[in-house]
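Peer 1: Got a structure here, written out as structure tokens. Questions coming.
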Amino acid sequence: MLLLIERAIVTSPIPLITRSEARMLGITLRASTHVRLRRGIYAPKQAFLRLKPWQRYAARVHAFARSRPDAVLCLESAAVLHGMPVFGHPRDIHVFDPDLRTSQRSGDVCVHTSADPRELAVVAGVQVTSLLDTAVDLARVLQPARALAVVDSAISPAQGGSLSVSDIMARSRSQNGSRGRAMLGWVCGRADPRAESPSESVSRAVIEWSGFEEPELQREFHYDGSDDRVDFHFPSTRVVGEADGWGKYHLDDADEAAERLKAEKRRENRLRRHGHPVARWELADAWRVDPLVGALRAAGLRPQHPVQPEMLASLSDRRRDRLPSHPSSTRETSVRARDGVQ
């Protein structure tokens, strides 16, 4: 598992260079070699293209912070610095400015305002909304599974979260805005501090919406002198579910990875010997639904409740995501923002 502080991207994942720095160093900025992340700020093109989608977003966020050090980041942009889960490549850079009369958009920058104040924090020299306000704001606007993962990360000691559900609900009740309050209530009703990864949080939502019984989280079993803790346990069938994240195997270290994989295989065999069918899936399987459902069914689990198709359909909501064909440069046309904090 990774702590928030370990997931936080507090510096750009690739080098950034300004036009003036390039002139001073004798570097020629060409479209074939560099990509413009902000006006006057560039990054090596091939390095940028090799990044994961959320790392590309982090590079854009840091380029913006370099160009606007006075700005206060919020929503997904603040989540990058806090280490909260950011899924895919968000479309916008989000900024909070309480002095504006209305929220505004300029290119890929969405500037939000609100009658409710926000606590501020400084992370690695960058101003952001606090962990609490970032969690509340995101829980109001993200699709449900993503919102659940964000709130779980903020309240989970295993992920380094320092908040509680009561903290989040109290902050929500203190705010005047009603937008997204029903979504936040849904999330807080299901958020669980035992969740140890975003993959577990998303999987938990899919399990519920697919009609399966509510699993026990982080259940411990003691067999053959070993202590085995599992992500999910379904009491009616004794099925064990594991939402795999490959990072735990340290695949960049071949020897350590081999030992961890052997230990995991011994653990799984031990659970099976003692009557626990094991279902495994990855986060990508949860997003696609069918592979996760298929893994549970193959292990002997059957739905006990009606499927919730509308909730499952929300998994494909990409309205806040950047389309792959979106140009890398910013647009300077100003329009009214339609998806502000409130």
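Peer 1: For the chain, find the longest principal axis of its Cα atoms and tell me its angle to the long axis of helix 198-209, 0 to 90°, nearest 10.
Peer 2: 60
Peer 1: Have a look at the DSSP beta bridges in the chain and tell me what percent are antiparallel, nearest 5. Display every interim value, and only then the final one.
Peer 2: Values: 28 of 39 bridges.
Roughly 70 percent of the beta bridges in the chain run antiparallel, per DSSP.
Peer 1: Oh, and also: Can you give me the orientation-averaged projected area of the convex hull built on the Cα atoms of segment 20-155, in nm²? Each step should come with its number before you reach the end.
Peer 2: Details: hull surface 36.3 nm².
About 9.1 nm², averaged over all directions.
Peer 1: Another one. Could you tell me how many degrees, from 0 to 90 and to the nearest 10, lie between the Cα long axis of helix 144-155 and the main elongation axis, the longest principal axis, of the Cα atoms of the chain?
Peer 2: 90
Peer 1: How much mean residue ellipticity at 222 nm does the chain get from its helices, if each DSSP H run of length 4 or more adds -39500 (n - 2.57) and you divide by all residues, to the nearest 500 deg cm²/dmol? Write out the running numbers ahead of the final one.
Peer 2: Values: 14 runs with 134 residues, N = 342.
Computed mean residue ellipticity for the chain: -11500 deg cm²/dmol.
Peer 1: From Cα pairs below 8 angstrom and at least 6 apart in sequence, can you work out the relative contact order of segment 1-84, rounded to a whole percent? Spell out each step's value before the answer.
Peer 2: Values: 87 pairs, mean separation 35.7, N = 84.
With pairs under 8 Å counted, the relative contact order is 43 percent.
Peer 1: Right, here's the next one. Describe numerically, in nm with one decimal, the distance between label points set 7 Å from Cα along Cα→Cβ at Trp186 and at Ser20.
Peer 2: About 4.9 nm, to one decimal.
Peer 1: Right, here's the next one. Pop the C-beta distance of Asp290 and Arg260 into the FRET formula with R0 = 22 Å and round what comes out to the nearest 0.05.
Peer 2: Computed FRET efficiency for Asp290 and Arg260 comes out at 0.15.
Peer 1: If you don't mind, another one. Once you list every other residue whose beta carbon is under 12 Å from the beta carbon of Arg60, what net charge do they have if Lys and Arg are +1 and Asp and Glu are -1? Walk me through the numbers before you get to the answer.
Peer 2: Values: positive: Arg36, Arg38, Arg56, Arg66, Arg91, Arg322; negative: Glu76, Asp92, Asp108.
Net local charge, Arg60 excluded: +3.
Peer 1: Something else: Can you tell me the order of 75-84, 156-165, 16-25, 104-113 when each peptide is scored by its average per-residue count of other Cβ atoms within 10 angstrom, highest first?
Peer 2: Details: 75-84: 28.0, 156-165: 18.3, 16-25: 13.1, 104-113: 20.1.
Those peptides, ordered most packed to least, come out 75-84, 104-113, 156-165, 16-25.
Peer 1: Please work out the average accessible area per residue across segment 99-167, using the 1.4 Å probe convention, and give it in Å². Don't skip to the answer; put the middle values down first.
Peer 2: Working: 2260 Å² over 69 residues.
Averaged over the residues of segment 99-167, the accessible area is 33 Å².
Peer 1: For the chain, with all protein chains present and a 1.4 Å probe, just round the carbon and sulfur fraction of the accessible area to a whole percent. List each step's numbers first, then the result.
Peer 2: Values: 8530 of 16280 Å².
Ligands and nucleic acids excluded, carbon and sulfur give 52 percent.
Peer 1: Hand me the GluC sites (Glu not before Pro) from segment 264-315 located in a DSSP loop with no more than 11 other Cβ atoms within 10 Å, in residue order please.
Peer 2: On the way: sites: Glu264, Glu268, Glu282, Glu310; in loops: none.
Qualifying residues, ordered by number: none.
Peer 1: Taking the simple approach of a point 7 Å from Cα along Cα-to-Cβ for both Tyr223 and Ala298, what is their distance in nm?
Peer 2: So the two model labels end up 1.9 nm from each other.
Peer 1: Okay, next question. Could you work out the Kirkwood radius for segment 132-276, taking every pair of different alpha carbons, averaging 1/r and inverting it, reported in Å? Before the final figure, lay out the partial values.
Peer 2: On the way: mean 1/r = 0.0595 Å⁻¹.
With all distinct Cα pairs of segment 132-276 included, I get 16.8 Å.
Peer 1: If you don't mind, there's one more thing I want to ask. For Ala295, what charge total do you get from the other residues with a beta carbon under 9 Å from its beta carbon, if Lys and Arg give +1 and Asp and Glu give -1?
Peer 2: Details: positive: Arg280, Arg297; negative: Asp285.
Around Ala295, the surrounding residues sum to +1.
Peer 1: Consider the candidate values (i) 21; (ii) 27; (iii) 34; state which one is percent of Cα pairs over 33 Å apart computed from the structure displayed.
Peer 2: (iii)
The values are calculated or read from the model by the stated rules, or taken from the named source; none is laboratory data. Predicted model, so just to flag it, every value in this text is computed and none were measured. Virtual Cβ from ideal backbone geometry, glycine too; neighbours counted across all protein chains shown. Keep in mind that these areas ignore ligands, DNA and RNA; they rest on the heavy atoms of the full protein, side chains included. Shrake-Rupley method; radii C 1.70, N 1.55, O 1.52, S 1.80 Å.
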